[in-house]
Amino acid sequence: MAFCSIFSSTFNLSTTYPYRIKLPLTTTTRVVIVRASSKDSEDNDKNVPEFNPFGFVTDNPSSRSAIQLPQSPAEDGNVGQMLYRTEDKGREFGSYVKSGKLRWFVRETGSAESRRGTVLFLHGAPTQSFSYRVVMSQLGDAGFHCYAPDWIGFGFSDKPQPGYGFNYTEKEFHDALDNLLDVLRIESPLFLVVQGFLVGSYGLTWALKNSSKISKLAILNSPLTDSSVVPGLFQKLRIPLFGEFTCQNAIEAERFIEAGSPYVLKNEKADVYRLPYLSSSGPGFALLEAARKANFKGTFREIAEGFVTERWDKPIILAWGLSDKYLPQSVAEEFQKGNPTQIKLKFIEGAGHMPQEDWPEKVVDALRMFFF
């Protein structure tokens, strides 16, 4: 004998979409579940989880706080209320710096009088400099002067509309970084730390063009060879229409981080990574434009060829998370073979694609030994 169970739930649609909605939008949805029953169906039902119409987007625990249905109507709220709860998070050691027409968000620890030298941290896509907060705090305490900007289009920095002063090409990212360093009056040579895809790769191609400004180079998990695979996120962004939909997913950044790591982000960290995407559509369209302008495989080849023995003579350390689900250990080993004299490997067990987030203390230990 079959039966139908009908339940209804009231929820705010604005909690499920990454857009700021000024007016609350509420509706009531009825979902009908039809299933077979038997004499012991009541006992079996106790062990069967209730149907969740949003299960396809709640598979990551840290994402649930952004999109889960409230347990009671009193807990319901719109995106604006969510932003109010999180808008002050993730700005440790940071301030805004104007460079030309662009406004950068830059984190800074230590001081200009730091005896150990200056360290510049460059993040990858689709994340932000927030990932370096612990590493740069500890290195600042160890006597280094540290800077970590959010690339234009990412984090808390400006996200210009493409075609209006910034078009998210590699050259424009390089030029903008040069201008920022001039404004910050960062003296050369400096220590450079780079991690990640897309703008992370542009950090490495910038290094190839500015080797005289670099004393030592530290590379955390980044695509370095032809064998490096382009993650699915960037492939989806390049698909017409589907890319526009993908780039406006407010939890895409944290899901990208978790997919490359053996760990799940804590909610307070996930809040910061999703915050720019909740605040406006700008970060999503900046990521979309940058991904479509990028020549991923061509850049990977440029990096592999640019750091070989005949072309690069500065010390490099690869502080590599061994649990990276995007870039295996073999990528680091293949890259080292191109310049074994200058490139040293430091494997970090237990860390994934973003070792500075997964295990910052081990990253600090590797960098301190290398920079000293």
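Identify all residues within region 145-177 that are touching a Ser or Thr at 6+ places or on another chain (Cβ under 8 Å) and among the small types (Gly, Ala, Ser); write none if there are none.
Ala148, Gly155, Ala176
Does any residue of region 162-185 turn out to be crowded, with 16+ Cβ neighbours inside 10 Å, assigned to a strand (DSSP E or B) and modelled with pLDDT of 95 or more? Checked region 162-185: no residue is crowded, with 16+ Cβ neighbours inside 10 Å, assigned to a strand (DSSP E or B) and modelled with pLDDT of 95 or more.
Among the residues of region 310-325, write down those that are within 13 Å of Leu220 (Cα to Cα) and touching a residue at least 40 places away in the same chain (Cβ under 8 Å).
So the first thing to find is which residues in region 310-325 are within 13 Å of Leu220 (Cα to Cα), and the list is 316-324.
Result: Ile316, Ile317, Leu318, Ala319, Trp320, Gly321, Ser323, Asp324.
Among the residues of region 243-269, those identified as among the hydrophobic types (A, V, I, L, M, F, W, C) and out of contact with any helix residue (DSSP H, G or I) (no Cβ under 6 Å at 6 or more places or on another chain) are Phe245, Ile257, Ala259.
Within region 326-372, the set of residues being assigned to a loop (DSSP other than H, G, I, E, B), under 23 Å from the mean Cα position of the chain (by Cα) and touching a residue at least 12 places away in the same chain (Cβ under 8 Å) comprises Tyr326, Leu327, Glu349, Gly350, Ala351, Gly352, His353, Met354, Trp359. Close contacts from region 282-309, counting a first residue that is outside the structural domain of Leu327 (by TED's automatic domain parsing) and a second that is part of a helix (DSSP H, G or I), with Cβ to Cβ under 6 Å and a gap of 6+ residues or different chains, come to none at all.
If you check Ser261, Ser211, Ser228, which single one turns out to be closer than 30 Å to Trp312 by Cα, in contact with a Lys or Arg (Cβ under 9 Å, 6 or more places away or on another chain) and crowded, with 21+ Cβ neighbours inside 10 Å? Working first, answer last.
Details: Ser261 fails: closer than 30 Å to Trp312 by Cα; Ser211 fails: crowded, with 21+ Cβ neighbours inside 10 Å.
Checking each option against the conditions leaves just Ser228.
Output yes when any residue across region 152-164 is in contact with a strand residue (DSSP E or B) (Cβ under 7 Å, 6 or more places away or on another chain) and of a type in the set (D, E, K, R), and no when none is. Scanning region 152-164 turns up at least one residue that is in contact with a strand residue (DSSP E or B) (Cβ under 7 Å, 6 or more places away or on another chain) and of a type in the set (D, E, K, R). When you go through (1) surrounded by fewer than 19 Cβ atoms within 10 Å (Cβ to Cβ); (2) farther than 15 Å from Leu224 by Cα one by one for Ala351, which number turns out not to apply? Going through (1) surrounded by fewer than 19 Cβ atoms within 10 Å (Cβ to Cβ); (2) farther than 15 Å from Leu224 by Cα one by one, Ala351 breaks only (1). Residues in region 231-247 that are surrounded by 18 or more Cβ atoms within 10 Å (Cβ to Cβ), over 18 Å from Lys325 (Cα atoms) and in contact with a Ser or Thr (Cβ under 9 Å, 6 or more places away or on another chain): Leu237, Cys247.
Taken across region 316-329, residues that are within 30 Å of Gly143 (Cα to Cα), modelled with pLDDT of 95 or more, of a type in the set (Phe, Trp, Tyr) and in the same structural domain as Phe234 (by TED's automatic domain parsing) do occur, with at least one present.
Of the residues examined, Gly196 is one that is out of contact with any helix residue (DSSP H, G or I) (no Cβ under 8 Å at 6 or more places or on another chain) and buried (at least 24 other Cβ atoms within 10 Å of the Cβ). Beta carbons closer than 6 Å, at least 6 apart along the sequence or on distinct chains, pair a first residue in region 89-105 that is of a type in the set (D, E, K, R) with a second that is exposed (fewer than 15 other Cβ atoms within 10 Å of the Cβ) and modelled with pLDDT of 95 or more for Arg103/Tyr96.
The values are calculated or read from the model by the stated rules, or taken from the named source; none is laboratory data. All of these numbers come straight from a predicted model, not from anything done at the bench. Positions of Cβ are backbone-derived with ideal geometry, glycine not excepted, and every protein chain shown enters the neighbour counts.
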